[in-house]
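What follows is a short report on a single structure.
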Amino acid sequence: MEQNAIYELLAGALGDGALGFTENPLEPWAAVETAKVAEACRFLRDDPRLDFDQLMCLSGIDWDGFDEAGKGKSVSILGYSDDGQPEKSDRVATGDLGVAYHLYSHALRHKFTLRVRVTRESATVPTISGLWSTAAWHEREAWDLLGLKFAGHPDPRRMLMEEDWVGHPLRKDYVMPDLWNGVPLQGQPYCANPFPVESGGPDKPAGDKPAEG
Amino acid sequence: MQLLYDFFTGQAGMDLAGAHIAVASLMAVLMFTVMALCAIIFTWMERKVAGFMQSRYGPMYTGRWHGWAQAVADMLKILGKEDIIPGEADKGMFQFAPILVLLGSLLAWAAIPWAPDFVAADFDLGLFYIFAVSSLVVIGILMAGWSSNNKWALYGAARGAAQMVSYEIPLALAAIPVVMRTGSLNPQDIIIAQQGGIWNWNINPIMNPFLFIAFFMYFIASIAETNRGPFDMPETESELVAGYHTEYTGMRFAFFFLSEYANLFLVSMIATMLFLGGWWAPFPGMAWIPPALNFIIKGVLLVFLNMWVRWTLPRVRVDQLMFLCWKVMIPLSLLCVVGAGLWMMAWGQLK
Amino acid sequence: MANEPTMVNGRGWGDQDHVPGIKSELLELNMGPQHPATHGVLRLLLHTDGEIVYKVTPVLGYLHRCAEKIAEGVNYKQWVVYTDRFDYLAPMCCNHAYVTAVEKLMGQAVPERAEHIRVATSELSRIASHLIALATFGLDMGAWTPLLYCFREREEILNLLERISGGRMLYNYMIPGGVRYDVPNDNWVADVLDFVDLMEHNKLPEYNTLLSYNKIFIERTADVGIIDAKTALDYGCTGPVLRGSGVDFDCRRDDPYSVYHKFDWQVQIGHGEKGTVGDCWDRYIVRAREIEQSCRIIRQALQTLPDGPYQALALKAIVKVPAGAAYTRVESSKGELGHYIISDGGQTAFRNKVRSPSFCNLQVVEKVGVGQMVSDLVALVGSLDIVLGEIDR
Amino acid sequence: MGQYFTDIYLAVSSALQGMAITFKHIYKKPVTLQFPDERQVMPERFRGFVHNDTAKCDACNICAKLCPVDCIYIETEGKAKDRYMTRYAIDYNKCIWCSLCTENCHTGSITMSHDYDHAVFDRRTLVYEFMDPREAKVPCHRATRIEQNWWVEPKEDKPGGDKGDDE
C-alpha cells in the first residue's frame, strides 16, 4: 500500500494525534503526537488493511543540534586533541529527543515509519512493548543509551550499561566520567615518545597543512 | 603367582602368611603403577585418536615422535599445580572424594585376570566383587559434587549418581548370560570356558546370538558407567562447565582424571574377559603370543572403540539417558538373559 | 519481562508439594558470562527447580563498546571498519548492510561488477557463519567432531576471503560505492567455484550424515525450544530463526537489495520434518540448507561476473552524505541487519542506529526458555546462533 | 511398539554411519599446519603490521586523520619549507589493520607488511617508533626534499582522486 494512503488511514483513526506526513523519496515518515503513539501503533498492527505484524526497529534519537532542513551539525564529538583526550564542551544540549518506529507487514509487504518527539525535560514516551514484544528490549536500550523513559514498560532496567552507570552515552551532551566505581575509564596513554624531542611535545598539533604534492 | 609364592617362601624364607602380605603389597604397587601408566597412555591415545578423526594431528612436539611424552608432561604439570579448596567447601569431604573415586576403580583392578596364573586376587566371587566395588565411584562423585558448594558441580553429581546407579543394572544383567554359560563367577573360570579360538568366545553370534547382543548391551552400559560421551552427563562440558569436578585442581583433579581412564580400561578388560575370550589368542595357531599381551591388546581395542564412539556421537539429554536405561537397556538385557538361557537349554550348553 | 517466575506445566513455584516445614526456593544459577554454551559473554540468569528452568533473564552488555556513539565521531568510510566488529563471524554481510545503507542515502549507484563481488563475498561469509552455527550447535549437543570439520571448511573460506580482501576475519572490504579491491588475478574465481562445488556435493552430505540426521541429535533438538510463527514475529525474530518457524521471508528476496534478484535460488523454511515447526532442528536444518543455496548464488554470481569498474569513480577518502534519514535492511547471516542512519549532511552520521538480528532473536529466550530443561535451554540458545559482538554492539 | 524398534534401529544405524565417517578421517592427511615449523603463505593483499618508510614520508598527516582509532602519531617542527618530521609512531595496541592509511597515502611510504606475530610481554613496547631523532630529520616540503636529495614522488604517477582529501 502507498505510504500516504497508510497515513490517511492512520490520520483518520487518530484524529489530531497525527501531526503530519513528510513525503520524501528516501523514507517518508509520519509524525504523531507522543501520547498517542501506542494508540497509533495498535491501530497499525490491528487494522486488517495495514496488518503491521513486525516492528523492525525502534530507534531513540537525540535531535540536539539537528535542524530539520538538514543544515545543523552534529555536536556529539567536538574533536580529540592529539593525545587522544576528547575535547570537552560546556555547551548544554537543548534539542528534543525523539523515537522512530519502523514497521513492516509480512502479509502485505509494506513498511511504515512513525516518529515522535519529546522534550528533553519530560523524555517520556508510552511503551509499545505490549504490542510487539520485541519493543521491550529496544525500549530498554533506548532508555539505557538515550535516557528515554517508556511509561508502562514492564522491565525498565538498563540494557547494555551497568545498572549504576551515570548518564546516557548517546545523548549529544554526554561526557564520559573519569571513574566508574573506582575503575579509570579513559585508559592510560601509551603514545609517549621514548626519544625526547626538544621542540614540539605531544601537545603540539601535528602538521598544519598537507605538504605540497 | 605360584612362582612369586615360591620365591617368598623359598628363597626369602618367609612363612605362608608373610608371603601373602608380601605378594599382596607387591601386587598393589604393581596395579597402581599399571593403572597410572594406563591413564597416561590413554590420555595420549585419546588425544591422538580424536586428533586424527578430526583432521588434525593432536600433540606432536613433546618427546619428538608424535608427542608421546605429552601426557607425561601434562601429568607432571598437573601434579605441580596449586591445590585450591574453595572457601565455602566442605573441606573433609572435598578432600576425601577424589580418593574414594580412585579407590573404587583401583579395588576392582585386583580381580582382573591378566594371564592364566597372574591375577592379584583370584577368588570365586570375582565378577560380583568387581561390580560391587566399582559402585564406590558413585559415592565419590556425589561427595565431590556436594562438597564443592558449586551449583554446576551439584548438578553434575546429581546427574552422575542417577546415571551410574541406573546403569549398574544393565551392566550386571548383560554379564549374567556369560555367568550362566560358565556356571561360575570366577574370572579365570569364565575365560577358561572360552578356550579354543574365536569360535568359542562368548561373542560368537552363531554359538549364542543372545550373548552377542549382551556384549553390545554391556558395551553401551559400560560407556555410561564410565561417564564418557555420548553419556557424559556428570561432566557435560557444554552444559555444566565441568560437572562434579568443576572446583577441583591439581592433584585432586588428577585423581578424577586417573580414575576415569582406569575405569575405562577396567570396563574394557571386563568386556574382554566376559565376551572376547580373555587372554586366549584368537586362533589356536597363535598360542605363541603371551596371554597377557592378548588380554591387553583386546582391552586397548575396546578402549579405541569407546573413544571412537565418544568422538562421533552427540550427547544425549539426561532424561533420554534414563529412558534409554530403564526402557531400552534393562528390558533388552532381561530378554537376553531369558533368551540366552532358553538357547543354552535348547542346545544343551547350560552348565 | 517476566520478573516473577512463571508457571511451568500448569504449576507455579509455591504450588508444589514440598516437605512440610522445610523452606525451599528456586535455585538461582548464573549461566555465563563465562560458560561454554553461551557463545560469548552472554549471561543468562536462570531460576531452576532441578533440571527445569522457571525463569530466564539474559544479562547483556559485557561486550558493549557503544559503536553507535563511535559512529557519530568517525566518518562514513571509517565506520565500515566498525561494522566488521558487529557480527565478526560474517563481517562481509555487515559491511554490505552498512554500505548499502550509506549508498541509499547518497543515491550512489554501484557498478555491476562490484555488486557481483559483494554478493559472492557476502554469501561466502554467510556460509562461514552458518558453518560456525552448525558447528557450535553440534558442540552444544556434545558432538565435537563436526565442529572441527566445519572449522576446516571455514578455514578455506577465510583463505579465499583473505586473498580478496587482505583481512582474515575483519575484512573492511566494501566501501560506499563499490569494493576496495578487484578480484585478484591468481585464479580466485576458479578456486571459489571449486570450493563451492566441494562444499555442496561433498562436505554438506558429510555433516548431514554425521550430525543432522543422527538419531541422538534429532532426539536432542526436535520438539525442543519451539518458536511458533506468531511468537517469532512478535519477538521480531528474523533470519533462520524466523524461517525455521515456517515464515517464508527473506530480505534478499522480499526486500531486494544488491543484485540478488538476478539469481535463481530458493528461500528455505522449516517444515517440522522431525518434530514441530519451529523447533531447534528446523532452525538448524534451515541453516544447513541455506549453505546449499548460498553455494548456488555464489556460483551464479561469479560465473556471470561482468567486466567493468569495481568502484564508482570520484569517490574520495571522505564521503559526504546528503541530509536525510533512512532505514535500510539486508539479510545478514543471523537475520535482518538494519541501519537507521540520520545524516545532517556532514562527514559523520548524526545518528546511526543498528538493528542487529541477534539482539532481537535472543529476546525470545525469555519466553521460550521457560519450562525447558537446562540441557534444552543450551540447545535453544545454540539454535538461535547469537553473536555477542552484535548484541552488545 | 513398532516405533520403539524403529527408533532403536535408527539410533544404531545413524551412529554407525557417523562412525564410518570419523573412521575414514583417521587415514586422511590432517589439514592443520604445525605452526612454528610450517607457516601459511600469506596472500599478496594480507594486511599485517603497518610499516612506514620514513625516508619517503612527507608528514602530510592524511594517514593520521584517516585512522579510525587515531593510532598514528606524527610530530613535526617548523613551517613551510623548514618543516621537518621529528616523530612517526604507530601504536599497535590501537591499530585495527583496516588499511585506510595505506590506500590513501600519496607517497606510498606507508604499507601493510606480511608480519603478523609480534607478541610482546609489555604492551608499551607495541608503540613502534619509525624515526630515530638522532638521525637526520625528514624534510616535508617537496622543494626541500629535492634540495637535500631525498626521495620525491614523481609528479605524473600521483593518483588523481586522492589529492585534497585531507580536509
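The values are calculated or read from the model by the stated rules, or taken from the named source; none is laboratory data. Predicted model only: the values in this text are computed from it and were never measured. As a convention, Cβ positions derive from the backbone with ideal geometry for all residues, glycine included, and neighbour counts pool all protein chains shown.
Scanning the stretch C:348-393 for residues that are within 11 Å of chain A (Cβ to nearest Cβ) and part of a loop (DSSP other than H, G, I, E, B) gives C:Ser356, C:Val364, C:Arg393. Within the stretch A:3-20, is even one residue β-branched (Val, Ile, Thr) and over 19 Å from the mean Cα position of the chain (by Cα)? Yes, because at least one residue in the stretch A:3-20 is β-branched (Val, Ile, Thr) and over 19 Å from the mean Cα position of the chain (by Cα).
Tallying residues that are charged (D, E, K, R) and within 11 Å of chain A (Cβ to nearest Cβ) within the stretch C:321-340 yields 2. Evaluating C:Gly346 against the criteria (1) touching a strand residue (DSSP E or B) at 6+ places or on another chain (Cβ under 8 Å); (2) under 13 Å from C:Tyr76 (Cα atoms) leaves one unmet condition, (1).
Scanning the stretch B:50-78 for residues that are part of a helix (DSSP H, G or I), closer than 28 Å to C:Cys150 by Cα and either touching a residue at least 60 places away in the same chain (Cβ under 8 Å) or not hydrophobic (A, V, I, L, M, F, W, C) (or both) yields B:Ala50, B:Gly51, B:Met53, B:His66, B:Gly67, B:Gln70.
Considering (1) of a type outside the set (Asp, Glu); (2) assigned to a helix (DSSP H, G or I); (3) more than 23 Å from the chain's Cα centre (by Cα), the lone condition that C:Tyr54 does not fulfil carries the number (2). Does the stretch C:156-168 include one or more residues that are among the hydroxyl-bearing types (Ser, Thr, Tyr), surrounded by 21 or more Cβ atoms within 10 Å (Cβ to Cβ) and more than 9 Å from every other protein chain (Cβ to nearest Cβ)? No: the stretch C:156-168 contains no residue that is among the hydroxyl-bearing types (Ser, Thr, Tyr), surrounded by 21 or more Cβ atoms within 10 Å (Cβ to Cβ) and more than 9 Å from every other protein chain (Cβ to nearest Cβ). When you look at D:Phe46, is it under 19 Å from the mean Cα position of the chain (by Cα) and of a type in the set (Phe, Trp, Tyr), yes or no? Criteria met by D:Phe46. Here B:Lys81 meets each of (1) under 21 Å from the mean Cα position of the chain (by Cα); (2) touching a residue at least 12 places away in the same chain (Cβ under 8 Å) with one exception, condition (1). Just give me the residues in the stretch C:124-146 being away from every other protein chain (no Cβ under 14 Å) and over 12 Å from the mean Cα position of the chain (by Cα), in sequence order. Residue satisfying the conditions is C:Leu124 alone.
Scanning for something in a helix (DSSP H, G or I), surrounded by 19 or more Cβ atoms within 10 Å (Cβ to Cβ), among the small types (Gly, Ala, Ser) and within 14 Å of chain A (Cβ to nearest Cβ), does the stretch C:289-306 turn up at least one residue? Checked against the condition, which is being in a helix (DSSP H, G or I), surrounded by 19 or more Cβ atoms within 10 Å (Cβ to Cβ), among the small types (Gly, Ala, Ser) and within 14 Å of chain A (Cβ to nearest Cβ), the stretch C:289-306 yields no hits at all. The strands (runs of 3 or more DSSP E) located wholly in the stretch A:101-192 that include 1 or more residues which are farther than 30 Å from D:Glu129 by Cβ, at the interface with chain C (Cβ under 8 Å from one of its Cβ atoms) and more than 14 Å from the chain's Cα centre (by Cα) occupy A:111-118. Looking at C:Val267, is it under 30 Å from C:Pro111 (Cα atoms) and assigned to a loop (DSSP other than H, G, I, E, B)? Against the criterion (under 30 Å from C:Pro111 (Cα atoms) and assigned to a loop (DSSP other than H, G, I, E, B)), C:Val267 qualifies. Would you be able to say whether some residue in the stretch B:99-115 is out of contact with any Leu (no Cβ under 8 Å at 6 or more places or on another chain) and without any contact (Cβ under 8 Å) to a residue 24 or more places away in the chain? Scanning the stretch B:99-115 turns up no residue that is out of contact with any Leu (no Cβ under 8 Å at 6 or more places or on another chain) and without any contact (Cβ under 8 Å) to a residue 24 or more places away in the chain. Considering each residue of the stretch C:9-38, count those that are modelled with pLDDT under 80, buried (at least 17 other Cβ atoms within 10 Å of the Cβ) and out of contact with any strand residue (DSSP E or B) (no Cβ under 7 Å at 6 or more places or on another chain), and give that number. Count: 2. Candidates are the residues of the stretch B:245-291 that are without any contact (Cβ under 8 Å) to a residue 12 or more places away in the chain and in a loop (DSSP other than H, G, I, E, B); the one that is surrounded by the fewest Cβ atoms within 10 Å (Cβ to Cβ) is B:Trp288.
Got a number for residues in the stretch A:34-66 being in contact with a Gly (Cβ under 7 Å, 6 or more places away or on another chain), closer than 9 Å to A:Leu103 by Cβ and of a type in the set (A, V, I, L, M)? Going through the stretch A:34-66 one residue at a time, the tally reaches 2. The single condition among (1) more than 14 Å from chain A (Cβ to nearest Cβ); (2) surrounded by 22 or more Cβ atoms within 10 Å (Cβ to Cβ) that C:Asp49 does not meet is (2). Could we say that D:Ile62 is away from chain C (no Cβ under 13 Å), crowded, with 20+ Cβ neighbours inside 10 Å, in contact (Cβ under 8 Å) with a residue 40 or more places away in the chain and closer than 23 Å to C:Gly166 by Cα here? When the stated conditions are applied, D:Ile62 does not pass them.
Taking the criterion of being over 14 Å from D:Thr102 (Cα atoms) and facing chain C (nearest Cβ under 8 Å), the residues of the stretch D:43-59 that qualify are D:Pro43, D:Glu44. Tallying residues that are hydroxyl-bearing (Ser, Thr, Tyr) and assigned to a loop (DSSP other than H, G, I, E, B) within the stretch D:1-33 yields 2. Residues in the stretch B:301-341 that are in a helix (DSSP H, G or I) and over 27 Å from D:Gln3 (Cα atoms): B:Leu301, B:Leu302, B:Val303, B:Phe304, B:Leu305, B:Asn306, B:Met307, B:Trp308, B:Gly341. Contact map, the stretch C:246-265: first residue closer than 13 Å to C:Val119 by Cβ, second residue among the polar types (S, T, N, Q), Cβ cut-off under 6 Å, separation 6 or more or different chains; pairs are C:Tyr257/C:Thr100; C:Phe263/C:Gln300; C:Trp265/C:Gln293.
In the stretch B:123-148, what residues are surrounded by fewer than 20 Cβ atoms within 10 Å (Cβ to Cβ), closer than 24 Å to B:Ala254 by Cβ and of a type in the set (A, V, I, L, M)? Matches in the stretch B:123-148: B:Val133, B:Leu136, B:Ile139. Can you confirm whether B:Asn294 is under 30 Å from C:Ala135 (Cβ atoms) and part of a helix (DSSP H, G or I)? Taking the combined requirement at face value, the residue does not satisfy it. Count of the stretch B:219-241 residues, restricted to those that are part of a loop (DSSP other than H, G, I, E, B) and within 21 Å of the chain's Cα centre (by Cα), is 11.
Against the criterion of being at pLDDT 80 or above, surrounded by fewer than 17 Cβ atoms within 10 Å (Cβ to Cβ) and within 13 Å of another protein chain (Cβ to nearest Cβ), C:Arg65 qualifies.
Of the residues making up the stretch C:181-207, those that are surrounded by 16 or more Cβ atoms within 10 Å (Cβ to Cβ), under 25 Å from the mean Cα position of the chain (by Cα) and either within 14 Å of chain D (Cβ to nearest Cβ) or of a type in the set (Gly, Ala, Ser) (or both) are C:Val192, C:Phe195, C:Lys203, C:Leu204, C:Glu206, C:Tyr207.
To keep it simple, each residue is scored yes or no on (1) part of a loop (DSSP other than H, G, I, E, B); (2) away from chain C (no Cβ under 14 Å); (3) surrounded by 20 or more Cβ atoms within 10 Å (Cβ to Cβ); (4) on the phi > 0 side of the Ramachandran plot.
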site	(1), (2), (3), (4)
D:Glu75	no, yes, yes, no
D:Cys95	yes, no, no, no
D:Ala119	yes, yes, no, no
D:Asp132	yes, yes, no, no
D:Ile146	no, yes, no, no
